[in-house]
Amino acid sequence: MSGTAGIVTPKHRRAHKGARYDETLVLQRLDLRGFRGDLRSRLAPEPTSVSDSEEESVLTSVREILADVADRGDTALAELTERFDGCRPLSLRVSADERASALGEVTSELREALEFARDRIVAHHEAQRREPDPVETIGGITISDRVIPLERAGCYVPGGRADYPSTVLMTVLPARVAGVGSVVLCVPPGADGKVSPTTLAAAELAGADDVFCVGGAQAIAAMAYGTATIPAVDVIVGPGNRYVALAKRELSGHVRTDAFAGPSELVVIADRTVPADYIAADLLAQAEHGPGGVAALVTWEPSVAEIVDAEMARQLGEAARSELIAAVLREGGRSILVDGPSEALAAANAIAPEHLELMVAEPRDLLDGVRNAGAVFCGAFSPAAVGDYVAGVNHVLPTGGTARFADALRVADFQKHIHVVEMTQDALAAVEPHVSTLAAAEGLDAHGTSVARRVSTQRPS
């Protein structure tokens, strides 16, 4: 649901040879038919769309915030919340009574939708929960893994100007399924200095142990270092702005953190068999996430590009947030023409999007060719928007091209593995020559001695 700066910026428009900039088009056209060069260099997102000086300024501010919270704890949190959010919360911790009453403040329809989404998300993540690996015994050496849940997890959910109850579910529930002992949630306050009932209702249904009314880099610092009110955690997950992302990056050696999450991305591979209004609606929905987002159509049929663009123009005129969507599409909207299905897959893999839709007659025929994507949605009736809410898959996904090596938030992100090794005396004797040889090669004689002593000394078993 979140991604970083995407494939189209003014710089990209100038750099993309063959791109056709036309004010009459909703999606700017890039013709890659016949292209045989490096697709990643043409299509992969830039690491950042801000200047080095601006990035350094933000990083300096983040480091000052982290140091302040580490030094002054709750006092710094209250002052920073007033500075950045324009209000001083009455209490950093949301009371149990306020959280419980929030369930009665939301509509019955919203509660039912939250419960439906919760149950689907839990079912999907329960299937991910790994049992210990089977015990493996070879030559008297027994090896197994213990899968241990982390003790404390911290979940961050954006707030203040908008509510994201779905992200509460997507971050808290996998931690609960993993068996984490304590799960805390940090959310920026609204103008009234409180966390919204919608967010609190989701937190209650998800089973968060504590909710704290604090956001930004200061919330990340509080969960990493701990304060008098907020406990230190072992892992911090959840999307946020650049300050939040940089704070997590700075603290990644102190606690485990999830992947960088920035503006959202969608690539749609389409042929003429899927109605153009479906494709247009999905691309518009993607742009609704806001600035920096990517909404790209990839097709080998020029008529599809033309029809989808016309349909997008029509639907854009009816959209409630048309100005925002149009602004995002001007920077991140692209229609890419390729030679055929295999070239479409190559283009999608080069972009490595957060969401990939296969809107073609036989999506399963293309699925094996997908290598880089956070989540894939197959067929005309599988829009990415369902994945954002109720499909059950997690919507905290890799963005900014990081789907080349990263994946969705999973139960495993809240667990750790401990190797367990047990050997018989005969097994140790069998491997002793190899251990001694390797230890001697590395100049670690004591390592070899620790094994040889056991082999040479005959003791009753």
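The values are calculated or read from the model by the stated rules, or taken from the named source; none is laboratory data. As the structure is a computational prediction, the values presented were derived from the model and not from experiment. Note that we place each Cβ from the backbone using ideal geometry, even for glycine, and neighbour counts take in every protein chain shown.
What are the residues in region 236-247 that are touching a residue at least 40 places away in the same chain (Cβ under 8 Å), under 14 Å from the mean Cα position of the chain (by Cα) and buried (at least 22 other Cβ atoms within 10 Å of the Cβ), if any?
236, 237, 238, 239, 240, 244
Could you tell me which numbered condition residue 147 fails, if it satisfies all but one of (1) assigned to a helix (DSSP H, G or I); (2) touching a residue at least 24 places away in the same chain (Cβ under 8 Å); (3) over 26 Å from residue 213 (Cβ atoms); (4) among the hydrophobic types (A, V, I, L, M, F, W, C)?
Condition not satisfied by residue 147: (1).
Looking only at region 379-419, count every residue that is without any contact (Cβ under 8 Å) to a residue 12 or more places away in the chain and in a loop (DSSP other than H, G, I, E, B) and tell me the total. Give the steps one after another, and end with the answer.
Applying the first criterion (without any contact (Cβ under 8 Å) to a residue 12 or more places away in the chain) to region 379-419 yields 381, 386, 405.
Restricting the remaining residues to those that are in a loop (DSSP other than H, G, I, E, B) gives 381, 405.
Qualifying residue count, region 379-419: 2.
Of the residues 280, 247, which is in contact with a helix residue (DSSP H, G or I) (Cβ under 6 Å, 6 or more places away or on another chain), assigned by TED's automatic domain parsing to the domain that holds residue 106 and among the aliphatic types (A, V, I, L, M)? Reasoning before the result, please.
Working: 280 fails: assigned by TED's automatic domain parsing to the domain that holds residue 106.
Of the residues listed, the single one that is in contact with a helix residue (DSSP H, G or I) (Cβ under 6 Å, 6 or more places away or on another chain), assigned by TED's automatic domain parsing to the domain that holds residue 106 and among the aliphatic types (A, V, I, L, M) is 247.
When you look at residue 297, is it of a type outside the set (S, T, N, Q), out of contact with any Gly (no Cβ under 8 Å at 6 or more places or on another chain), under 29 Å from residue 38 (Cβ atoms) and not in a helix (DSSP H, G or I), yes or no?
On the way: of a type outside the set (S, T, N, Q): yes; out of contact with any Gly (no Cβ under 8 Å at 6 or more places or on another chain): yes; under 29 Å from residue 38 (Cβ atoms): yes; not in a helix (DSSP H, G or I): yes.
So residue 297 passes the test.
Quick check, is residue 201 assigned by TED's automatic domain parsing to the domain that holds residue 173, surrounded by fewer than 20 Cβ atoms within 10 Å (Cβ to Cβ) and either in contact with a helix residue (DSSP H, G or I) (Cβ under 7 Å, 6 or more places away or on another chain) or among the acidic types (Asp, Glu) (or both)? Show your work before the answer.
Working: assigned by TED's automatic domain parsing to the domain that holds residue 173: yes; surrounded by fewer than 20 Cβ atoms within 10 Å (Cβ to Cβ): no; either in contact with a helix residue (DSSP H, G or I) (Cβ under 7 Å, 6 or more places away or on another chain) or among the acidic types (Asp, Glu) (or both): yes.
Spelling it out, it is not the case that residue 201 is assigned by TED's automatic domain parsing to the domain that holds residue 173, surrounded by fewer than 20 Cβ atoms within 10 Å (Cβ to Cβ) and either in contact with a helix residue (DSSP H, G or I) (Cβ under 7 Å, 6 or more places away or on another chain) or among the acidic types (Asp, Glu) (or both).
Of all residues in region 355-378, which are in a loop (DSSP other than H, G, I, E, B), closer than 17 Å to residue 394 by Cβ and hydrophobic (A, V, I, L, M, F, W, C)? Don't jump to the end; show me each part of the working.
Let us first name the residues in region 355-378 that are in a loop (DSSP other than H, G, I, E, B), namely 360-362, 368-374.
Retained after the next criterion (residues that are closer than 17 Å to residue 394 by Cβ): 373-374.
Scanning region 355-378 gives a single hit, 373.
How about region 79-101: which of its residues are charged (D, E, K, R) and without any contact (Cβ under 8 Å) to a residue 40 or more places away in the chain?
As a first pass, look at region 79-101 and keep what is charged (D, E, K, R): 79, 82-83, 85, 88, 93, 97-99.
Matches in region 79-101: 79, 82, 83, 97.
Look through 226, 154 and report the one residue that is on the phi > 0 side of the Ramachandran plot and modelled with pLDDT of 95 or more. If you could, list the steps in order and put the result at the bottom.
Working: 154 fails: on the phi > 0 side of the Ramachandran plot.
Just a single option satisfies the conditions, and that option is 226.
Anything in region 308-345 that is of a type in the set (Asp, Glu), more than 17 Å from residue 281 (Cβ to Cβ) and assigned to a helix (DSSP H, G or I)? List them, or say none.
Hits for region 308-345 are 323, 331, 343.
Sort out which residues of region 284-326 are in contact (Cβ under 8 Å) with a residue 60 or more places away in the chain and within 20 Å of the chain's Cα centre (by Cα), and write them in order of number.
Passing the criteria: 285, 286, 289, 292, 293, 294, 295, 296.
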